Amino acid sequence: MIRPRAAAFCLLVLASPAFAEDAEPADGGTDAALVEDLPIYETIVTAGRPPTPRLDEERARSRVTRDDMERRLPRSAPDALRYEPGVFVQQTAHGQGSAFIRGLTGQQTLLLFDGIRLNNGTYRQGPNQYFFTLDSQTIDSIEVERGGASTRWGSDALGGAILAMPIEPAPRAPGATDLATWDPHLVLRAASADEEEGGRLATNLTLGEPFAFYGGFGGRNVGLLESGGPVRGLSSGEPAMVPRFADDGRTQLGTGFDELTADGRALYRISSAQRATVAAYAYREYDAPRTDQCPAAYAPWDECLRYDEQFRTLVYGAWEGEPHLAGLDGFRATLSWQNQRERRTRERPSSGVENIGRDMVDTVGVTVAARTQRAAAARWLGFTFDYGVDTYHDMVSSASWITFTDVGYTRELDRGQYVDGSRYTYGGAFLDLSADLLERFVLRGGGRVSWIAARAPAVPETGGDGVSRAWAPVVGHAGLEVKAAKWLSLLGNYDRSFRAPNLDDLTARQQTGPGFQFENPKLEPETADTYEVGARVTGKVTAELWLFRTLIDGAVVKRPMSVADCPPDTPQCESSWTRLMLVNADDVSEIHGVEAYLGAFLPAGFETRLTAAWTWGEGPNMGDPPSDPSLPYDERVPLSRIPPLNGTVELLWRHAGGLSAGASLRWAAAQDRLAIADLSDARIPEGGTPGFAVMDLRAGYRRGDLFLLSIALENVFDSAYRYHGSAVNGPARGLVLLLDLGPIWRL
């Protein structure tokens with residue numbers, strides 16, 4: 001079923017004239033021979049460019065390019081990761097998205113934009129919305145590193161790191177004589193399943209040789225999301241308790257949102273070896289319901305938790321260069337300010353009550369990273385060092401109110417979701433070594449010392465005693481790469497990473513999917529030891545196979561609590577079906593799995609890509625044993641929301657004239673290994689989430705940077721499906737369209 005309004009918009013855009021010039025390569029100018037010699041998803045580094053943030057080459061990693069996003073047409077930055085091995089994207093709401101890496105997400109994975117942390121001291125434990133606040137139209141690439149990454153990036157990177165890189169201003173073309181050039185683009189986008197209509201106007205500007213600018217603004221209106229129908233539980237056959245549906249049984253209530261974005265990035269080339277960048281990015285999401293709470297299971301139909309505002313603003317400056325000195329071959333320093341603001345309203349019309357909350361975090365950050373030139377100790381031995389220091393400081397503002405709508409009276413409560421005036425400081429210094437031996441072996445290793453401090457004022461009226469905690473963890477990693485052949489590398493890595501408790505763990509009181517969760521100011525850091533071995537094949541056929549095992553000591557997990565344990569002045573806790581507190585597990589939690597990737601260039605312009613991942617997780621049972629010893633009680637239980645066996649298949653055809661076409665299949669097996677918290681989570685159907693297989697068809701046409709038309713028919717067979725742990729079912733059969741009109745007056 002394809003909705004008429006958005007479909008009509010798609011057809012109108014399809015009828016637009018295709019402006020053409022002499023045929024250029026489909027990738028906008030990349031040399032085809034070069035592309036065929038490179039692994040399909042490896043990073044391409046431009047010679048002569050100053051150092052930019054990058055993830056570790058020896059680890060399990062993958063990369064989404066701008067070309068991939070323009071072809072796959074993801075609805076968001078998290079959605080762009082659905083085809084990456086070992087990554088599983090869940091959605092608690094239509095306007096949210098969270099990537100699971102090796103079974104971990106939220107606080108246990110690290111999000112970065114141009115090397116600057118997005119994670120702050122209030123990031124939540126489970127799936128969250130923060131990566132959604134990156135506008136995918138401003139992103140040039142997204143890299144994913146699977147496995148611990150705390151040595152380079154610090155706290156939170158237990159499961160891995162996600163690095164989004166922005167679109168850079170393009171310098172003046174070589175040989176150009178114009179003092180100023182500009183290159184505007186109008187991008188239109190539409191999707192029929194949720195009646196999305198939006199666009200973006202952006203431009204590249206150059207002034208002489210040293211100055212270049214890229215920026216723009218955009219927005220979209222997204223309506224209720226139509227699905228293929230309800231998803232039914234494995235044991236009961238009954239529909240999942242969330243989301244609720246409209247009368248047609250397909251349109252999901254608690255979906256839809258509005259979005260505005262703006263960005264600007266100015267680059268000044270100080271010299272051929274140095275440059276300075278000043279950048280600003282603003283994201284504004286309005287009126288976004290949290291689908292599993294709009295309405296919640298068992299709640300009246302008119303109750304809804306709505307994010308009235310989900311804002312993020314990032315402003316930063318960067319200085320980077322390549323002085324080519326022995327101890328300083330390249331460097332990058334950044335100074336950043338970031339503001340993340342959230343305002344939400346829980347509407348309860350039948351009770352005549354509205355609960356309103358507002359949280360704001362201002363973060364100031366400084367990072368410095370550098371690398372040395374290769375130092376040759378002998379003809380057969382060389383060393384390279386990477387080193388750096390970083391620190392961030394969060395300042396939290398939080399408040400909440402209760403409004404009695406029947407009498408028009410509003411009262412401010414004693415505290416918000418967090419404690420107003422809280423502070424969180426985190427950072428560290430690292431050193432990494434890479435040693436190449438006999439041109440066949442590469443030894444890598446490094447360490448990091450960190451500093452973390454959490455401060456929160458006491459709020460005696462609500463039972464809060466205040467928080468003053470500090471930690472100084474030391475972590476590191478080691479690895480060996482054996483270049484067994486020109487086309488084959490064998491890799492083995494050990495990594496020890498950490499996550500210190502943040503203000504969400506230590507002070508927050510909030511409604512989560514499994515129930516109401518309240519703070520535990522006595523939490524200790526969790527640490528992860530990851531062991532992995534892999535094989536990597538490069539060339540026209542690219543393949544990777546990784547086996548990993550992660551042991552988490554002191555894992556922060558949810559412990560069921562009674563109503564008597566609720567903090568004072570928390571009616572939401574007392575009225576909740578279940579109550580939870582975060583605690584450190586008293587035994588080791590284990591996650592292990594297998595990840596595979598295969599990509600190949602085929603004759604006649606065809607390419608194919610396949611991914612598969614299997615993850616298994618288990619930890620100690622934190623519930624109290626029953627008083628009756630005859631009742632069943634397992635000492636170890638599944639970890640929460642571990643993804644099932646899943647994978648993707650893509651087939652792509654490209655023509656030198658700019659035409660492309662393709663098909664893809666996303667699939668997942670059923671997941672019935674459920675944690676105790678999963679059993680009370682309305683997002684998970686009774687007995688577990690059924691498996692699915694969804695096919696999408698795509699076609700596109702590109703004329704250099706003058707014109708791009710990309711269209712997808714998603715969910716060809718109109719399947720009802722859901723990614724395990726999500727509250728939102730996948731889109732119904734429908735059209736998605738992107739039209740990019742470049743500077744057509746060049747003709």
Select from segment 413-470 those trypsin sites (Lys or Arg not before Pro) which occupy a DSSP coil region and have at most 13 other Cβ atoms within 10 Å, ordered by residue number.
ARG440
Calculated on alpha-carbon atoms, Rg and Dmax of segment 640-684 in Å
18.1, 55
With r as the distance between the Cβ atoms of ALA377 and LEU665 and R0 = 45 Å, compute the FRET efficiency 1/(1 + (r/R0)^6) and round to 0.05.
0.35
Round to the nearest 0.05 the FRET efficiency obtained for LEU325 and VAL533 when R0 = 45 Å and r is the Cβ-Cβ distance.
0.75
Which distance in nm do the two modelled labels at VAL563 and ARG341 give, with both placed 7 Å along the Cα-to-Cβ direction?
3.9
By DSSP, what percent of the beta bridges with both residues in the chain are antiparallel, rounded to the nearest 5?
95
Computed over the Cα atoms of segment 671-747, what is the convex hull's projected area averaged over all directions, in nm²?
7.1
Would you work out which of VAL474, PRO514, CYS294 lies farthest towards the positive end of the dipole of the chain? Charges go on Cβ: Lys and Arg +1, Asp and Glu -1.
VAL474
Could I get the Rg over Rh figure for segment 578-622? Both from C-alpha atoms, Rh via Kirkwood, rounded to two places.
1.37
Translational diffusion of segment 510-604, µm² s⁻¹ [Kirkwood Rh, Cα pairs; Stokes-Einstein; 37 °C; 0.692 mPa s]:
193
Could you state the number of Å between the C-alpha centres of segment 494-523 and segment 685-727?
33
How long are the semi-axes of the equivalent ellipsoid of segment 236-314, defined as square roots of 5 times the Cα gyration tensor eigenvalues? Whole Å, largest first.
44, 13, 10
So if I take the centroid of the Cα atoms in segment 329-380 and the same for segment 115-187, what is the distance between those two points in Å?
11
Filtered chymotrypsin sites (Phe, Trp or Tyr not before Pro), segment 528-609: DSSP coil and at most 14 other beta carbons within 10 Å
TRP577
Using the crude model of +1 on Lys and Arg Cβ and -1 on Asp and Glu Cβ, and no other charge, please compute the dipole size for segment 4-746 relative to its Cα centre, in debye to 20.
1100
Applying the gyration tensor rule to the Cα atoms of segment 4-746 (axes a ≥ b ≥ c; rounded if a/c under 1.5, else prolate if a/b exceeds b/c, else oblate), the class is rounded
Along principal axes, Cα extents of segment 548-692, largest first, whole Å:
70, 33, 27
Helical mean residue ellipticity (222 nm; -39500 (n - 2.57) per DSSP H run of 4+; nearest 500) of the chain
-1000 deg cm²/dmol
Using only the Cα atoms of segment 393-508, what are the Rg and Dmax in Å?
23.9, 80
P(r) over all Cα-Cα pairs of segment 611-747, 10 Å bins from 0 to the longest distance, whole percent per bin, short to long, reads 11, 27, 24, 17, 12, 6, 3, 1, 0
Within straight cross-link reach of LYS486, meaning Cα distance under 29 Å, which lysines are found once same-chain residues fewer than 8 apart are removed?
LYS540
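Every number in this text was worked out from the coordinates using simple rules, so none of it is lab data. Because the structure is a prediction, the values reported are computed rather than measured. Cβ coordinates were reconstructed from backbone atoms using ideal geometry, including for glycine residues, and neighbour counts include every protein chain displayed.
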